[in-house]
Amino acid sequence: MCGIVGYIGHRSAQEVLLRGLSKLEYRGYDSAGISVYNEGDLQVQKVLGRLVALEQHIQTPLIGGQGIGHTRWATHGRPSDDNAHPHSDCSGRFVVVHNGIIENYQALREELTSMGHRFQSQTDTEVVAHLVEELYAGDLFTTVIQVIARLEGAFALGIMAKEEPGKLIAVRKASPLVIGLGDGENFIASDIPAILEYTRETYILDDGEMAVITKDGVDLFTFAGVPISKDVFHVTWDAVSAEKGGFDHFMLKEITEQPTAIRDTLTSRISPDGSRITLNEINLTDEVANTIDRIHIVACGTSYHAGLVGKAAIENLTRIPVNVEIASEYRYCEPIVTDKTLVIVISQSGETADTLAAMREAKSRGCARVIAITNVVGSSIAREADDVILTLAGPEISVASTKAYTTQLICLYLLAGHLAQVRHSEGANLIPDIAQALRALPEQAEQVLQTSAMIEKFARTYAAAKEDCFFIGRGLDYAVALEGALKLKEISYIHAEAYAAGELKHGALALIVEGIPVIALVTQDKLYEKTVSNIVEVKARDAYVLALAWEGDAEIHKHADEVITIPRTLPFLAPVLAVIPQQLLAYYASVARGNDVDKPRNLAKSVTVE
């Protein structure tokens, strides 16, 4: 969640660091700081607040062509100037920036304090700077090797020493870090957008790797100090795609990008004649596929909600039992995994700490195979999984995920169809119809986006005036209602809950009072009458009902106060279209309430700590 940028070369380090950090603001942060080396001095400026506060705080430019910078999302110690990064040792000879968590920091802090070290912050990171100071014997590289041997937890580190100008040390363990390669300059960053303005050539560090970086080159090593070589990763996407493109917020831009994202994710994955799904990136053999007797889908947040839809798709087409597990619980619940268990992990960033840990847990227990669904090439999850299905959504900047969710659904539908084909399940007979319906989704999503004016009116005049809202649905409608409620609460700060509509009489109906908004999803034909009866129940208690239903449904208008319609598709695929009005509702409610849509309070885009 925190952001790291480092630079060494011929440019102004201050400018590069601040521009790079601005590209990482989507990750969420509460403080920011930079350190620039100049004529034997490590200049440090850091402050509570946004980058603009840091820029205002720097009264005199920091001169120099070498530096490290950081945006912090608090884990240890409250947001404050002192707890902001970079952190220094007692003497100011070393500076450190860090993403992740040092799990044994308290023991190290007590040890170092007993040896006379004086701490200025409550962070876990500061122990790294003091440990470097304690162990330094004239060579930063060998000192860092000793330091990381003492650290437990997850860490991406950028380190500089006053005594060793012209050198940056980068370290990666379970927290992402990339190195950008330039001509007479080099970079480090926790994410590629920070350096894309300057270079497309990168090294992506793996766990247990470190680098010594000068302006003229990069040397790569294991944590044991053994030299290694890596292939250069060439970044193909354009920095322009990370700009707002004329929209007021990244979230609205990304909502409107969903037709394109869906189309891109489908491209080349359905045969030209529409008869088969062609997931060529999956190396799951027929032999292994036919021995699978259970599937675990593991994810967090929005990706977990996608997994609930994926469960229904896979079970309906393959008849393989599927469990959907919250990743933060999975590794601690003694999951029953055998060599016949297929594990599917879903993560937008590919760096979600709990999902990565859950995947490793499943592999350690001997699962048959791990398939990852992610949006980021070269991410930790993508590299460690046996197979990867990329969502091809493009960069998603807003903290509230939108196009990542819909493309995750597409990938899950494709995977369900692929498994049905390989296993020759009865569901494989439905593939031509499903493929045709999938191909129609981008155009249908465009049609749904045309309802935005109506949704904006509802949000501004009704939803934004309330502090509570309920979402109800049955079957897949309930699964997508969960995502709608999450979107509303995370960016509008309205208390929103989703209920399986049949559960209303088991407690939730007590909360339905006059005027409370209820968003009712009615797209599952087999459950239509049941859901309508639940709408009648909440209307009898004077709730205000906005229904999401199929085009041409005249009956629903008799029961709901307002109706948003979506084009007809297979009920199986309805979540892709039904979620878009809910995303727009959350967006416009947030705007109406004057919130920071792209950076909701207390949240971050990529959750890289447990």
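Computed values, structure above
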{"read-out": "Residue in region 531-540 that is of a type in the set (Ser, Thr, Tyr) and assigned to a helix (DSSP H, G or I) present", "value": "yes"}
{"read-out": "From 193, 176, residue being outside any strand (DSSP E or B), touching a Pro at 6+ places or on another chain (Cβ under 9 Å), assigned by TED's automatic domain parsing to the domain that holds residue 39 and closer than 20 Å to residue 376 by Cα", "value": "193"}
{"read-out": "Verdict on residue 219 being acidic (Asp, Glu) and under 30 Å from residue 435 (Cβ atoms)", "value": "no"}
{"read-out": "Tabulated pairs, region 147-162, first in a loop (DSSP other than H, G, I, E, B), second polar (S, T, N, Q) and surrounded by fewer than 23 Cβ atoms within 10 Å (Cβ to Cβ), C-beta under 8 angstrom, 6+ apart or interchain", "value": "151/104; 152/104"}
{"read-out": "Residue in region 429-443 that is among the β-branched types (Val, Ile, Thr), assigned by TED's automatic domain parsing to the domain that holds residue 567, over 18 Å from the mean Cα position of the chain (by Cα) and farther than 17 Å from residue 344 by Cα present", "value": "no"}
{"read-out": "Some residue of region 406-417 being among the polar types (S, T, N, Q), in contact with a helix residue (DSSP H, G or I) (Cβ under 8 Å, 6 or more places away or on another chain), touching a residue at least 40 places away in the same chain (Cβ under 8 Å) and surrounded by fewer than 23 Cβ atoms within 10 Å (Cβ to Cβ)", "value": "no"}
{"read-out": "Single match in 395, 321 (criterion: of a type outside the set (Gly, Ala, Ser) and within 27 Å of residue 154 (Cβ to Cβ))", "value": "395"}
{"read-out": "Filtered residues of region 134-146 (kept if part of a helix (DSSP H, G or I) and surrounded by fewer than 24 Cβ atoms within 10 Å (Cβ to Cβ))", "value": "134, 135, 140, 141, 142, 143, 145, 146"}
{"read-out": "Selection status of residue 5, outside any loop (DSSP other than H, G, I, E, B), among the hydrophobic types (A, V, I, L, M, F, W, C), farther than 27 Å from residue 212 by Cβ and at pLDDT 95 or above", "value": "no"}
{"read-out": "Residue satisfying all of: in region 289-303; within 28 Å of the chain's Cα centre (by Cα) and in a helix (DSSP H, G or I); farthest from residue 415 (Cα to Cα) among these", "value": "301"}
{"read-out": "Qualifying positions in region 455-485 - more than 23 Å from residue 565 (Cβ to Cβ) and in a helix (DSSP H, G or I)", "value": "465"}
{"read-out": "Filter result (over 27 Å from residue 152 (Cβ atoms) and either acidic (Asp, Glu) or surrounded by fewer than 24 Cβ atoms within 10 Å (Cβ to Cβ) (or both)) within region 172-198", "value": "181, 182, 183, 184, 185, 193, 196, 197, 198"}
{"read-out": "Residue match in region 352-363 (condition: in the same structural domain as residue 392 (by TED's automatic domain parsing) and over 18 Å from residue 607 (Cβ atoms))", "value": "yes"}
{"read-out": "Residues satisfying the stated conditions in region 180-208, i.e. of a type outside the set (Ser, Thr, Tyr) and closer than 18 Å to residue 350 by Cα", "value": "189, 191, 192, 193, 194, 204, 205, 206, 207, 208"}
{"read-out": "Residue check, residue 305 surrounded by 13 or more Cβ atoms within 10 Å (Cβ to Cβ), within 22 Å of residue 350 (Cβ to Cβ) and in contact with a Cys (Cβ under 8 Å, 6 or more places away or on another chain)", "value": "no"}
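Every residue, every condition in (1) among the β-branched types (Val, Ile, Thr); (2) buried (at least 16 other Cβ atoms within 10 Å of the Cβ); (3) within 17 Å of residue 593 (Cα to Cα), yes or no:
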{"residue": "448", "(1), (2), (3)": "yes, yes, no"}
{"residue": "455", "(1), (2), (3)": "yes, yes, yes"}
{"residue": "471", "(1), (2), (3)": "no, yes, no"}
{"residue": "476", "(1), (2), (3)": "no, yes, no"}
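Residue by residue, here is whether (1) on the phi > 0 side of the Ramachandran plot; (2) modelled with pLDDT under 95; (3) part of a loop (DSSP other than H, G, I, E, B) holds:
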residue: 563; (1), (2), (3): no, no, no
residue: 568; (1), (2), (3): no, no, yes
residue: 572; (1), (2), (3): no, yes, no
residue: 575; (1), (2), (3): no, no, no
residue: 579; (1), (2), (3): no, no, no
residue: 583; (1), (2), (3): no, no, no
residue: 599; (1), (2), (3): no, yes, yes
residue: 603; (1), (2), (3): no, yes, yes
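The values are calculated or read from the model by the stated rules, or taken from the named source; none is laboratory data. Just so we're clear, the structure is a prediction, and the values are computed from it rather than from any experiment. FYI the Cβ positions are ideal-geometry reconstructions off the backbone, even for glycines, and counts take in every protein chain you see.
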